[in-house]
Ligand SMILES: Nc1ncnc2c1ncn2[C@@H]1O[C@H](COP(=O)(O)OP(=O)(O)O)[C@@H](O)[C@H]1O
Ligand SMILES: Nc1ncnc2c1ncn2[C@@H]1O[C@H](COP(=O)(O)OP(=O)(O)O)[C@@H](O)[C@H]1O
Ligand code: SF4
Ligand SMILES: [Mg+2]
Ligand SMILES: [Mg+2]
């Protein structure tokens with residue numbers, strides 16, 4: 001906690017935009033974590049008598065064609081969308097940092113090989129990679145996660161590598177090598193800790209993009225499978241009665257949009273608070 | 001001999017702070033005066049005050065006077081100052097790149113000064129520039145004229161800046177640490193160049209440095225500065241022969257003498273305080289080896305000595 | 001007694017391409033350098049920036065691999081050491097770096113920084129021993145033990161350099177390479193640091209390789225001096241009283257000012273500038289600037305030759 005305060009993350013909350021976006025994200029996180037206990041209705045139980053009810057009491061966001069509470073499903077969807085995106089991005093970030101750090105530190109042929117492969121994934125559109133993976137592994141949350149992870153791998157690898165290459169020239173690295181430190185010590189105690197801040201910020205922004213990718217795949221029926229509620233899948237099922245019950249599609253769509261905007265605003269606030277704009281340039 | 005520059009009880013404020021006060025000296029025609037002190041002692045601020053550049057950093061003169069060739073500059077409006085700067089007063093900075101435009105040929109950057117201040121036309125200015133570069137012992141001036149700053153070494157860039165400072169035939173040069181970033185051989189060449197110019201052109205110069213050996217080599221008079229104020233002034237001979245202020249003594253003691261069996265180098269413990277932390281009484285007292293109780297309480301007056309004066313309670317005492 | 005450090009015919013060559021299709025050009029940052037050091041001595045390496053001093057330091061500590069040549073430290077051939085053995089050996093040969101501002105990880109506290117050497121070398125300390133060690137090391141380099149919890153950005157340049165020295169000495173090395181440890185500091189702080197280094201050398205019986213561009217400082221501080229020009233050692237002085245025989249060393253001496261106006265120099269103009277190190281032809285690299293250069297100097301490279309009493313000069317016409 002001390003390290004967090006010292007790193008300046010707290011400062012991101014000091015501007016109005018940072019406070020609002022950060023606050024929204026925190027609330028969303030709480031909802032996602034506690035969804036099974038706090039949703040007003042059960043998300044899977046159908047109540048056909050109440051299907052396609054307009055927003056009002058007690059269904060604040062209305063109900064869908066099976067009479068399920070939209071608000072509850074949006075809340076539960078946060079759990080699916082956020083966890084899918086965050087897990088995938090977290091995984092991608094760890095692999096990307098390891099690859100980037102090793103490439104940047106050891107250089108040479110290894111670096112060239114890693115960067116060629118990584119740049120190859122970079123040159124394909126995300127959605128194309130996702131579709132290819134779905135074609136191989138089949139639809140479902142695991143292929144969604146895998147697709148998101150692969151789609152962002154290049155960004156994390158490149159950013160980490162650039163940081164490491166720059167940091168390697170600092171005198172304190174040479175001084176530490178001169179004390180007899182192993183590459184593992186240099187990487188884990190000096191290079192990675194100094195390189196991690198911008199990677200985390202980019203990772204956080206990527207979670208926003210991951211949510212969109214997850215929603216897109218879900219929308220095409222390639223992501224979360226029914227009856228698991230996810231924002232994309234909800235919108236997908238909502239298209240059938242777009243005119244009959246527009247709320248079924250509007251509310252999840254709205255939440256996706258607001259969430260992505262909030263993540264981007266908070267990302268900007270973080271960049272400013274941590275003073276790392278310069279380090280993000282050119283990657 | 002006539003006085004070209006007279007600074008009296010100069011006082012500078014930046015916002016609510018007063019980083020500079022009680023700076024006085026006078027410079028005669030043909031003389032070189034050294035302003036010396038550790039970094040943060042107020043040398044550059046003094047130079048900026050003389051050049052009318054304080055507004056750039058949000059500062060202003062709040063007391064005293066700066067008289068250049070008989071006229072007071074403290075009340076000079078900016079347009080008139082612009083004529084003076086680069087015209088009758090030339091400035092040489094420590095980092096040549098603060099004076100040079102990286103995207104323009106060095107020759108044309110010198111031309112501009114002559115055209116602006118002397119009203120020369122293009123070809124006259126160019127001829128003059130090439131002549132000036134030759135006078136500054138720059139080899140092949142006609143081809144150097146067409147180069148860009150990044151194609152030149154540090155010492156050569158500094159010569160170009162000197163040429164810019166000289167382009168309008170000034171009466172006074174202000175050189176703010178002109179050799180600090182240079183190698184010793186280059187420093188020696190630049191110092192020789194400046195000394196020759198002073199002699200041959202009858203110029204006067206304020207030479208700012210933190211190095212007492214540069215003062216000993218190149219100056220006629222010295223003002224020693226500490227924490228935003230002058231602490232001792234006098235002729236170079238007197239100051240080195242018989243330094244009266246403990247700070248002056250300490251500064252001289254910091255320079256290794258290249259002689260065998262020389263006395264041990266003595267640093268000055270501690271660091272120069274920043275504006276917000278200037279001490280009460282004598283500003284040097286927390287670091288002073290001679291300090292007594294009075295030093296912390298009472299700001300010492302200037303006590304005159306042979307060819308100078310020192311602001312120390314014990315400046316009159318022998319030893 | 002075997003030599004403590006023996007450097008034989010050490011060279012480091014760099015190649016660079018000019019533009020995309022340009023021909024590869026090469027230069028020797030360090031060219032055929034040989035010398036020996038005995039335990040407990042202070043050997044100075046002096047030369048202008050770019051002459052290869054830092055490259056030589058890195059080669060000696062095997063922070064970079066040489067293009068050719070050998071380094072023996074305490075009887076061990078350093079270039080034959082495997083990575084693990086080399087890492088172990090590093091505890092005994094340490095370095096203080098030129099730039100104190102980036103020599104400490106900004107995320108480390110002073111305590112972390114001075115304890116890191118023990119962590120790296122696998123020395124386990126109880127927490128009581130640890131805090132004793134921290135305050136002992138800080139006191140040794142003249143810092144208040146309370147600075148232990150500070151971060152580097154809270155310290156001055158001089159304080160950071162003291163931390164650099166504490167880190168380098170933590171493991172009680174036998175050899176300390178000092179690469180311009182005071183070049184970025186004020187003269188007053190430079191004198192403090194040099195005083196500290198003198199004291200530590202006496203107390204710990206250290207052997208120093210002291211690199212500087214300041215001949216006056218080197219003459220003051222060192223027992224023996226190596227003078228470098230464009231990658232080569234051009235003169236080796238067995239003691240600081242030995243009169244310089246190489247014209248370049250004399251130029252360096254003549255460029256050094258004394259803090260005494262009675263010892264003003266007559267600065268001789270020096271022809272041209274240091275030539276580009278790339279693709280140097282045959283002959284003496286100093287020939288173009290040397291007042292004594294003859295036809296022979298332009299075609300035949302002078303080699304370092306002993307001239308009695310441990311003195312060696314690489315010049316066809318030494319003094
Ligand atoms: N722009 C500024 N704003 C506030 N304080 C300043 C500014 N410039 C200089 N100072 C302060 O004035 C004092 C003298 O600075 P300066 O004249 O630059 O010293 P020197 O040139 O002798 O190194 C220092 O304490 C410095 O902190
Ligand atoms: N890694 C490198 N690649 C290419 N050239 C280098 C490298 N390191 C140093 N040099 C060159 O070698 C020469 C000597 O450099 P250096 O040893 O740093 O000199 P010094 O420390 O004496 O100033 C310089 O011309 C420098 O540009
Ligand atoms: S007045 Fe006191 S503190 Fe100031 S310089 Fe003189 S002896 Fe030192
Ligand atoms: Mg200054
Ligand atoms: Mg160097």
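The values are calculated or read from the model by the stated rules, or taken from the named source; none is laboratory data. Just so we're clear, the structure is a prediction, and the values are computed from it rather than from any experiment. A quick note on method: Cβ atoms are made from the backbone with ideal geometry, for glycine too, and the neighbour counts reach across all protein chains shown.
Checking the conditions here, which among C:65, C:48 is free of Cβ contacts under 8 Å to residues at least 24 places away in the same chain and in contact with a helix residue (DSSP H, G or I) (Cβ under 9 Å, 6 or more places away or on another chain)? Reasoning before the result, please.
On the way: C:48 fails: free of Cβ contacts under 8 Å to residues at least 24 places away in the same chain.
The conditions single out C:65.
Among the residues that make up the range C:88-96, is at least one of them in contact with a helix residue (DSSP H, G or I) (Cβ under 9 Å, 6 or more places away or on another chain) and within 16 Å of ligand 2 (Cβ to nearest atom)? Break it down into steps so the answer makes sense when it comes.
Initial filter on the range C:88-96 (in contact with a helix residue (DSSP H, G or I) (Cβ under 9 Å, 6 or more places away or on another chain)): C:89-91, C:93-96.
Pick out the ones that are also within 16 Å of ligand 2 (Cβ to nearest atom) and you get C:95-96.
Yes: one or more hits.
Test of understanding: among C:203, C:198, which residue is surrounded by fewer than 18 Cβ atoms within 10 Å (Cβ to Cβ) and within 10 Å of chain B (Cβ to nearest Cβ)? So that I can check it myself, show each step before the final result.
On the way: C:203 fails: within 10 Å of chain B (Cβ to nearest Cβ).
The conditions single out C:198.
Taking the stated definitions as given, is residue C:168 within 11 Å of another protein chain (Cβ to nearest Cβ) and either under 13 Å from the mean Cα position of the chain (by Cα) or modelled with pLDDT under 90 (or both)?
Values: within 11 Å of another protein chain (Cβ to nearest Cβ): yes; either under 13 Å from the mean Cα position of the chain (by Cα) or modelled with pLDDT under 90 (or both): no.
No, not satisfied.
Of everything in the range A:159-185, what is crowded, with 22+ Cβ neighbours inside 10 Å and either away from every other protein chain (no Cβ under 12 Å) or in contact (Cβ under 8 Å) with a residue 40 or more places away in the chain (or both)? Give them in sequence order.
A:159, A:160, A:161, A:163, A:164 - these are the residues of the range A:159-185 that are crowded, with 22+ Cβ neighbours inside 10 Å and either away from every other protein chain (no Cβ under 12 Å) or in contact (Cβ under 8 Å) with a residue 40 or more places away in the chain (or both).
Taking the range C:267-301, which residues are free of Cβ contacts under 8 Å to residues at least 40 places away in the same chain, in a loop (DSSP other than H, G, I, E, B) and away from chain B (no Cβ under 13 Å)?
Listed by number, the residues that qualify are C:281, C:282, C:283, C:284, C:293, C:294, C:300, C:301.
For residue B:132, are the conditions met, namely being more than 17 Å from the chain's Cα centre (by Cα) and assigned to a loop (DSSP other than H, G, I, E, B)? Quick ask: steps written out before the conclusion?
Details: more than 17 Å from the chain's Cα centre (by Cα): yes; assigned to a loop (DSSP other than H, G, I, E, B): no.
It is false that residue B:132 is more than 17 Å from the chain's Cα centre (by Cα) and assigned to a loop (DSSP other than H, G, I, E, B).
For every residue, the table says whether it meets (1) modelled with pLDDT under 90; (2) surrounded by 15 or more Cβ atoms within 10 Å (Cβ to Cβ); (3) under 30 Å from residue C:241 (Cβ atoms).
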site	(1), (2), (3)
B:256	yes, yes, yes
B:262	yes, no, yes
B:272	no, yes, no
B:286	no, yes, no
B:289	no, no, no
B:306	yes, no, no
B:315	no, yes, no
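Per-residue answers, yes or no, for (1) touching a residue at least 24 places away in the same chain (Cβ under 8 Å); (2) buried (at least 24 other Cβ atoms within 10 Å of the Cβ); (3) more than 11 Å from chain C (Cβ to nearest Cβ); (4) more than 16 Å from ligand 5 (Cβ to nearest atom):
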| residue | (1), (2), (3), (4) |
| --- | --- |
| B:200 | no, no, yes, yes |
| B:206 | yes, yes, yes, yes |
| B:212 | yes, yes, no, yes |
| B:217 | yes, yes, no, yes |
| B:226 | yes, yes, no, yes |
| B:232 | yes, yes, yes, yes |
| B:241 | no, no, no, yes |
| B:246 | yes, yes, yes, yes |
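Could you run through the range A:186-204 and say how many residues are more than 14 Å from chain C (Cβ to nearest Cβ) and surrounded by fewer than 20 Cβ atoms within 10 Å (Cβ to Cβ)? Working first, answer last.
Keep residues of the range A:186-204 that are more than 14 Å from chain C (Cβ to nearest Cβ), which gives A:198-204.
Imposing the further condition that a residue be surrounded by fewer than 20 Cβ atoms within 10 Å (Cβ to Cβ) reduces the set to A:200, A:204.
So the answer is 2.
Among the residues of the range C:109-123, are any surrounded by 15 or more Cβ atoms within 10 Å (Cβ to Cβ), part of a loop (DSSP other than H, G, I, E, B), more than 8 Å from chain A (Cβ to nearest Cβ) and in contact (Cβ under 8 Å) with a residue 12 or more places away in the chain? Steps first, please.
Of all residues in the range C:109-123, those surrounded by 15 or more Cβ atoms within 10 Å (Cβ to Cβ) come to C:109-121.
Add one more test, that the residue is part of a loop (DSSP other than H, G, I, E, B), and what stays is C:109, C:121.
Applying the additional criterion that residues be more than 8 Å from chain A (Cβ to nearest Cβ) yields C:109.
Right, trim to in contact (Cβ under 8 Å) with a residue 12 or more places away in the chain and you get C:109.
The answer is yes, given that some residue of the range C:109-123 is surrounded by 15 or more Cβ atoms within 10 Å (Cβ to Cβ), part of a loop (DSSP other than H, G, I, E, B), more than 8 Å from chain A (Cβ to nearest Cβ) and in contact (Cβ under 8 Å) with a residue 12 or more places away in the chain.
Here is a list of conditions, (1) farther than 21 Å from residue C:52 by Cα; (2) in contact with a strand residue (DSSP E or B) (Cβ under 6 Å, 6 or more places away or on another chain); (3) within 16 Å of ligand 5 (Cβ to nearest atom), and residue C:210 meets all of them except one; can you say which number that is?
Result: residue C:210 passes all but (1).
So, in the range C:171-183, exactly how many residues are within 11 Å of ligand 5 (Cβ to nearest atom) and within 11 Å of another protein chain (Cβ to nearest Cβ)?
Result for the range C:171-183: 2.
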